[in-house]
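First comes the structure, then the notes that go with it.
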Amino acid sequence: MWLPHWPITRLSRNGSASPDRPLVTIEAIRGVRHLVAVGEAGEAQGLAPGQTLTAARAVCPALVPVDADPVADEAALGRLAAWCERYTPMVAPDPPDGLWLDITGCTAVFASEAELVGDLAARLERNGIPCRVAVGGTPGAAWALARAGEGATLTDLPITCLRLDAGVVTGLRRLGLRTVKDLVRIPRAQITARFGAMPVLRLDQALGEVEEAIDWPRPPIEWHERLAFAEPIGTPEDLARALARLAERLCVRLGEQDKGGQRFVARFFRVDEVVPGIAVSTALPVRDPAYLTKLLCEKLDTIDPGFGIEVIALEAEVVARLTAPQTQLMAGADASDGVAGVVDTLSNRLGADRVSRVAPYESHVPERSVRRVPPLPVKQPSWVNDPASPRPIRLLRRPEEIDVIAPIPDDPPIRFSWRGVAHRVRAAAGPERIASEWWLGKRTVRRPETDLIRDYYRVEDSDGARFWIFRAGLHGQERMPRWYLHGLFG
C-alpha cells in the first residue's frame, strides 16, 4: 500500500493549509532549503520535491513551508501500521510512504480481496489519508502496481517501479530501457556487468523468481482468528459472545494439529483507532473453548469499547503439543491437571510472577538450597533422566550428516536441519560418549564418521519428534567436528 505524500497528509490535518495555500515540507541541504514532500494541491500548481524553496515560491508565492520531521513521520507511519492490523497481523512500515500487508488467509473476514482493499482504502480516505492500494503475488509487484495506478500490468510499468536508484534508472533509460518489458528482453549478464546485481534482483523479486524478506515488526503468528462486524459493538454481552466464537474457531484448529495454547492475546480494534487488548496465560496447554472463554471474559471489564469495536482478533502466542488424553484409563493419574484451573485463575488475576512453588535446589548454602519454580511441573520426555541410555526404535542404515547450530565445545545443538527440514530443539539429554573401535585397525572398511569419538545426544524438537544425533570428533583437533543423525525414537 502506498500513501502518496504521507508527511503532507499528516501535517495538513491541523488546518494550516488549503488548496490556495499548499503545504510543503522542506529541509536544508548544504545551506539551501529544498522541498521534500508536496501535497496534491502543490502538485496542481507546479510544485515538486527537489525544488529549492526560492524556485517554489516563484511558482506559488502562497505556499506554506514546514520543516521536515522524518522521525515524527516514521512514528506516525508505525502507528498507521498498527491500525492496519485490524485486517491482518502481518503489517510492516515501508518508509517513507508505504505499508506492507500480508493478507494471505485473511479474506475469510471479507468476501474477496477486492472487498478487503475497498474497505481499507475507504477508511483511510475518511480519515483524510489518500492512498493507492494494490494486491500482488509478490511484494515487488504490489509495490509497483500501487504506484502505477489502475489498469496497468507489471511488464508495461516503467523501470522506476522496480525500486532502483535514480542513477541506475538514468543509465537504463540512456540505453533505451524504459519499461519492465524492455528490461526482461536484455541478457541478464549484460545488465549485471554494467549496473550491478540490483536491477536483476529487483526484477526477479517482482516476478516472483526470488523470495523477498520483509522485516515484520511482529513475528509471524500462525494461530490467530479474526472477527469483523457490520456495525460496531460495545456491550459486555456482545464482546463475550464474540470471544466465544473466536475461541471455538481457534481451539478447533489447535485440535487438528494436536496443539494447545499457553498464552492467548485478544485485541479489540475500536472505531477511533485505539486498540486495547487482554492477555491470559495457562500453566498447561489448553484448547477447551469454554475454559478459554471464561479466562478471557474475566478480564473484559478492563476493555473500554469507546464508540464501538469493529474487529476482534484472538491469537495464541505460545503453543505446545497437547495430545488427546485417554480419560477412562488416565483419570486421576496426574494430580497437576486438577489444580491447573486454580493456578490459571490466580495467575491471571494476580500476575504470573506472583504464583509459584518452592522446589529443592542442589546447593550447600542454606539460603540457596531452594528456589521458586512454575506452579506446575513441566513435563519432560520420559527418556531425559533414564540411566539405561535407551536406543532409538529406528536406526538409520548409515548416519546422515546434518547442519547444526550448537554452542561449543560440548553443548547439545539448539537447531538442526535434516533432509531439508529445520528442527528447533526443545529438550536434550547427553552426551553419551562412544569411542572409535581402534582395536579393529584396518581389518574392516571404516567410514570417516566411525574413525572419531562420538558424543551422542537424545533431542526432542518443538513438535515433539525425538532424534538420536551425535557429534563426530572433538573441538581443537585438526579436523572440525561434524554432526550426524543416526536414529529416530518414534
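Here are a few things to note about the model shown:
- Nearest-0.05 FRET efficiency for D67 and Q477, computed from C-beta distance (R0 56 Å): 0.35
- Amide hydrogen neighbours beyond the local backbone of G487, cut-off 5 Å, H modeled: L396, W468
- Residue-count net charge about A230 - beta-carbon cut-off 12 Å; Lys, Arg +1, Asp, Glu -1: -3
- Distance in nm between pseudo-label sites at R245 and M198 (7 Å out along the Cβ direction from Cα): 4.8
- Distant-in-sequence amide H partners of V64 (H built 1.01 Å from N, under 5 Å): L23, V24
- Among C251, V271, A313 the positive-end extreme of the charge dipole of segment 224-326 (Cβ point charges): C251
- This model, with +1 at the C-beta of Lys and Arg and -1 at the C-beta of Asp and Glu, gives segment 224-326 a dipole about its Cα centre of some 440 debye.
- Placing a pseudo-label 7 Å from each Cα along the Cα-to-Cβ vector at A166 and R21 gives an inter-label distance of 3.0 nm.
- Site pair E115 and T54 shows an inter-label distance of 5.8 nm when each label is modelled 7 Å from Cα along Cα→Cβ.
- Around the amide H of R33, modelled in the peptide plane, lie the amide H atoms of L53, all under 5 Å away and 5 or more residues distant in sequence or on another chain.
- Theoretical gain in end-to-end length, V275 to A213 [0.36 nm per residue, Cα-Cα removed]: 19.6 nm
- Phi to ³J(HN,Hα) by Karplus 6.51 cos²θ - 1.76 cosθ + 1.60 over segment 347-355, Hz, x for Gly, Pro: 5, 6, 8, 9, x, 4, 6, 9, 10
- Added length on full extension, which subtracts the Cα-Cα distance from 0.36 nm per residue, T235 to V184: 12.7 nm
We did not get these values from a lab; they are worked out from the coordinates using the rules stated. Since the model is a prediction, treat every value here as computed from it, not as a measurement. Backbone-built Cβ (ideal geometry, glycine too); neighbour counts: all protein chains shown.
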